[in-house]
Amino acid sequence: MELPYLTISEAANLIKKKELSPLELTNAVLNRVEEQDGKLNSYITVLKDRAIAQAEEAEKRVASGNYLGPLHGVPIGLKDIFVMKGSQTTCGSKILEGFVSPYNATVVEKLLGAGAVIVGKNNMDEFAMGSSNENSYFGPAKNPWDTDRVPGGSSGGAAAAVGASLCLGSVGTDTGGSIRQPASFCGVVGMKPTYGRVSRYGMVAFASSLDQAGPLTKTVEDAAIILGAIAGVDPNDSTSVNAPVPDYTASLTDDLKGVRVGVPKEYFIEGVDAEVDSAVRKAIELIEDLGASVEEISLQYTEYAVSAYYIIAPSEASSNLARFDGVRYGFREEGAKTMHDVYFHSRAAGFGDEVKRRIMIGTYALSSGYYEAYYLKAQRVRTLIKRDFEEAFKKVDVIVTPTSPETAFKIGEKASDPLTMYLSDILTIPCNLAGLPGISVPCGFSSAGLPIGLQVLGRPFDEESILRVAHAYECRTNWNERHPEL
């Protein structure tokens, strides 16, 4: 097998035994990025010299017997929403043009502390606002299974890079499905941890009560490895939770005896593609064959999730994005005569259409006279959705659903219809509103050869259960062993 096709676990095993050089592996991945990424646009910035230096350092440590663990010397990507000292961070936006961070995000610190080699910064929808990666100032990333189609969003560049073996894994962010939906579209594993499980310090905020970092990988085991490295409380982030971080790889098993699986009827409705429905139902049958008990459940407030999300997330975004003003850092429109002109013209030219749309929605929802009618009502709906899940988890251990109602759509197909685009996340948004962990794992392909994802949701801070179910399913299938032809 060519080196870039290795999983993290496979590469780690070879590096630990000194049968594979981190430098050799990193150069192989960098060469593949150089050869293939022109077709995908999955990276905004490739950190070639820096990655080689990190690989050389990793190699020295391994040679001296100072092996740091399964990410040591392994080349991974990073969504361009995490600040990294001395490196450009753009969030896919013109308004951060030229911004170089003076510090590292906690996720970056933890990855570097684990010995990982960061190959580059992955393309993304501007400020993580999108479901297709078409909103990036740097152009759309493309799906490795069909480059006329989107890779999903907003972590589309990360999913495309992992799917095409332009890195062995990546770390993205998930606000309403932005890890799981692109993972489904690109045929990889994508995991959103419980809100508060991973520090948000140095992760540029979109919606602060929803955003969470998580891994995109080729296998469930690899997702467990990355999650174990980046999880944990952080004094720099007051929303991170001081809960024990288990060895997630220890929970992986192919035995599901005693596991209670809930299948919500509201996730199998009109609008879910017939091939997606069929693939997910077959996956549920296999999970049952592995020893799990399966029962239908109801999550009655699911239909209100998208409406509530598109009040809450834009409201928080309108506040968070106020800091991008053309004064302190990033892009500034020339020729402004007053401070008002600096703000007005810099933001008008620096933000893309989708970001402007969401800022306006959020500002309106928070404005005098509308705050209670929109924002407070949306928060009440959020509470009902959370209670829905709490009641369900009294009866079941995990919930299994399709990740997305469809497979990857054509680039430009939904660009002029924001509402249809927003509905792409209808099956992933409830998990974020409730702060739950969720994972998407490949469960089949459509007749057009496009990947389909299976979503597994769990109780707060019970990532082990969803990893266990996803891994057991993965072990009995070979969907993750297929590779796109570029």
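The values are calculated or read from the model by the stated rules, or taken from the named source; none is laboratory data. It should be emphasised that the depicted structure is a prediction, and the values quoted were computed from it without experimental measurement. With ideal geometry, Cβ positions are generated from the backbone for all residues, glycine too; neighbour counts draw on all protein chains shown.
A Cβ distance below 7 Å, combined with a sequence gap of six or more or placement on separate chains, defines the contacts here; from segment 213-232, residues that are closer than 16 Å to residue 68 by Cα reach residues that are of a type in the set (D, E, K, R) and at pLDDT 95 or above in the pairs 227/463; 228/247; 229/110; 230/110. Which one is surrounded by the fewest Cβ atoms within 10 Å (Cβ to Cβ), of the residues in segment 28-43 that are out of contact with any helix residue (DSSP H, G or I) (no Cβ under 7 Å at 6 or more places or on another chain) and not basic (Lys, Arg)? Of everything passing the filter in segment 28-43, 38 is surrounded by the fewest Cβ atoms within 10 Å (Cβ to Cβ).
Residues that are under 24 Å from residue 428 (Cα atoms), part of a helix (DSSP H, G or I) and among the basic types (Lys, Arg): does segment 313-333 have at least one? No.
For segment 78-122, a residue qualifies if it is closer than 18 Å to residue 174 by Cα and in a helix (DSSP H, G or I), and the qualifying residues are 106, 107, 108. Could you tell me whether any residue of segment 200-216 is among the basic types (Lys, Arg) and not in a loop (DSSP other than H, G, I, E, B)? No; the residues of segment 200-216 include none that is among the basic types (Lys, Arg) and not in a loop (DSSP other than H, G, I, E, B). Of the helices (runs of 4 or more DSSP H) lying entirely inside segment 380-486, those containing at least 2 residues that are among the small types (Gly, Ala, Ser) span 463-475.
Restricting the first member to segment 461-472 and to residues that are more than 15 Å from residue 180 (Cβ to Cβ), and the second to residues that are among the polar types (S, T, N, Q) and buried (at least 20 other Cβ atoms within 10 Å of the Cβ), the beta-carbon pairs closer than 9 Å and six or more apart or on different chains are 461/194; 462/194; 471/219. Does at least one position in segment 337-354 carry a residue that is over 23 Å from residue 100 (Cβ atoms), of a type in the set (Val, Ile, Thr) and either out of contact with any helix residue (DSSP H, G or I) (no Cβ under 6 Å at 6 or more places or on another chain) or assigned by TED's automatic domain parsing to the domain that holds residue 102 (or both)? Yes; the residues of segment 337-354 include at least one that is over 23 Å from residue 100 (Cβ atoms), of a type in the set (Val, Ile, Thr) and either out of contact with any helix residue (DSSP H, G or I) (no Cβ under 6 Å at 6 or more places or on another chain) or assigned by TED's automatic domain parsing to the domain that holds residue 102 (or both). Checked against (1) of a type in the set (A, V, I, L, M, F, W, C); (2) buried (at least 16 other Cβ atoms within 10 Å of the Cβ); (3) closer than 28 Å to residue 142 by Cα, residue 15 passes all but a single condition, namely (3). For segment 129-182, enumerate the residues that are surrounded by fewer than 24 Cβ atoms within 10 Å (Cβ to Cβ) and part of a strand (DSSP E or B). Scanning segment 129-182 gives 146, 149.
Taking into account only those residues within segment 242-255 that are among the aliphatic types (A, V, I, L, M) and surrounded by fewer than 16 Cβ atoms within 10 Å (Cβ to Cβ), which is nearest to residue 211 (Cα to Cα)? Only one residue fits best here, namely 243. Annotation note: of 323, 382, 358, the sole residue that is under 25 Å from the mean Cα position of the chain (by Cα) and within 17 Å of residue 435 (Cα to Cα) is 382.
Of all residues in segment 214-235, one or more are farther than 30 Å from residue 483 by Cβ, modelled with pLDDT of 95 or more, out of contact with any Ser or Thr (no Cβ under 7 Å at 6 or more places or on another chain) and assigned by TED's automatic domain parsing to the domain that holds residue 422.
When residue 336 is tested against (1) among the hydrophobic types (A, V, I, L, M, F, W, C); (2) under 28 Å from the mean Cα position of the chain (by Cα); (3) over 18 Å from residue 176 (Cα atoms); (4) surrounded by 13 or more Cβ atoms within 10 Å (Cβ to Cβ), exactly one condition is not met: (2).
Mind telling me which of the residues 329, 343, 301 ends up being crowded, with 19+ Cβ neighbours inside 10 Å and aromatic (Phe, Trp, Tyr)?
301
In this entry, residue 310 passes the filter for residues that are assigned to a helix (DSSP H, G or I), modelled with pLDDT of 95 or more and not polar (S, T, N, Q).
Does residue 295 satisfy being outside any helix (DSSP H, G or I) and in contact with a strand residue (DSSP E or B) (Cβ under 9 Å, 6 or more places away or on another chain)? Answer is yes for this residue.
Total residues in segment 1-41 satisfying the condition of being of a type in the set (D, E, K, R), part of a helix (DSSP H, G or I) and within 19 Å of residue 57 (Cβ to Cβ): the figure is 2.
Scanning segment 1-18 for residues that are more than 11 Å from residue 73 (Cβ to Cβ) and within 23 Å of the chain's Cα centre (by Cα) returns 4, 5, 6, 7, 9, 10.
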